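Before any comments, here is the structure.
Laboratory data are not the source of any read-out in this text; all were calculated from the coordinates shown. Please read all numbers here as calculations on a predicted model, not as lab measurements. FYI the Cβ positions are ideal-geometry reconstructions off the backbone, even for glycines, and counts take in every protein chain you see.
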Amino acid sequence: MLSTYKKLRDRHDIVIVEGIGGLLVPITKHYFVSDLVKDLDVPLIVVAANRLGVLNHTLLTVKAARMSGLDLTGVILNDTDPLPEDVSTQSNYSELKSVLDIPLLGHFPYVERPGKDALGRIAAGYLDLQYLSSSLFGKH
């Protein structure tokens with residue numbers, strides 16, 4: 001994985017690496033996603049599903065990232081349900097904003113089958129792209 005990433009990085013201006021379920025997911029018995037992120041030397045953006053438990057999950061993930069020495073850029077809250085019945089989804093963003101000591105980069109809405117052009121427009125409306133651009137591209 002590391003050599004493939006390095007080849008891609010050498011050929012492209014931007015390479016986005018998507019995680020696989022969380023920082024503590026084991027890739028092998030003694031090598032975790034957090035180890036891979038560290039070895040890749042990439043900044044980390046936590047994308048948190050907007051549902052009950054997201055406060056605990058996000059704070060635990062941020063803590064694990066710090067304990068692993070990762071370059072933590074911020075958090076994006078992501079709606080995963082078009083019509084959530086869970087009332088916590090209405091307050092999770094403001095609650096995260098009040099407890100996080102890293103940037104909350106935005107609240108991405110649920111979008112059913114977006115085209116690639118639509119995703120860019122949606123991201124521009126809901127995410128802090130200026131901060132993301134300066135933090136990510138200023139470092140790597």
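Tell me the relative contact order for the chain as a rounded percent, counting alpha carbon contacts under 8 Å between residues six or more apart. Worked out over the chain, it gives 19 percent. Considering the dipole of the chain built from charges on the beta carbon (Lys and Arg +1, Asp and Glu -1) around the Cα centre, which of ALA48, ILE27, THR73 is farthest to its positive end? In the chain, that residue is ILE27.
Please work out the Kirkwood hydrodynamic radius for segment 41-139, using every pair of different C-alpha atoms, and report it in angstroms with one decimal place. Could the numbers behind the result be given before it?
Values: mean 1/r = 0.0699 Å⁻¹.
For segment 41-139, inverting the mean 1/r across all distinct Cα pairs yields 14.3 Å.
In this simple spin-label approximation, VAL47 and ASP81 carry label points 7 Å from Cα along the Cα→Cβ vector, and these lie 1.9 nm apart.
Cross-link reach is defined here as a Cα-Cα straight distance under 22 Å, omitting same-chain residues fewer than 8 places apart; for LYS29 the lysines meeting it are LYS38, LYS63. Simple point charges give the picture: +1 on the Cβ of Lys and Arg, -1 on the Cβ of Asp and Glu, and for the chain a dipole about the Cα centre of about 440 debye. Projected label points at ALA123 and GLU95, each 7 Å from Cα along the beta carbon direction, are separated by 2.8 nanometres.
Residues of segment 76-117 falling in the label zone of ILE16, defined by backbone nitrogen less than 11 Å from a point 7 Å along Cα to beta-carbon, are 116-117. Calculate how steeply helix 116-126 sits against the longest principal axis of the alpha-carbon atoms of the chain, using the helix alpha-carbon long axis, and give the answer as 0 to 90 degrees to the nearest 10. That works out to roughly 60 degrees. Calculate how many DSSP beta bridges within the chain are antiparallel, expressed in % of all such bridges and rounded to the nearest 5. Among the beta bridges of the chain, antiparallel pairing accounts for roughly 25 percent.
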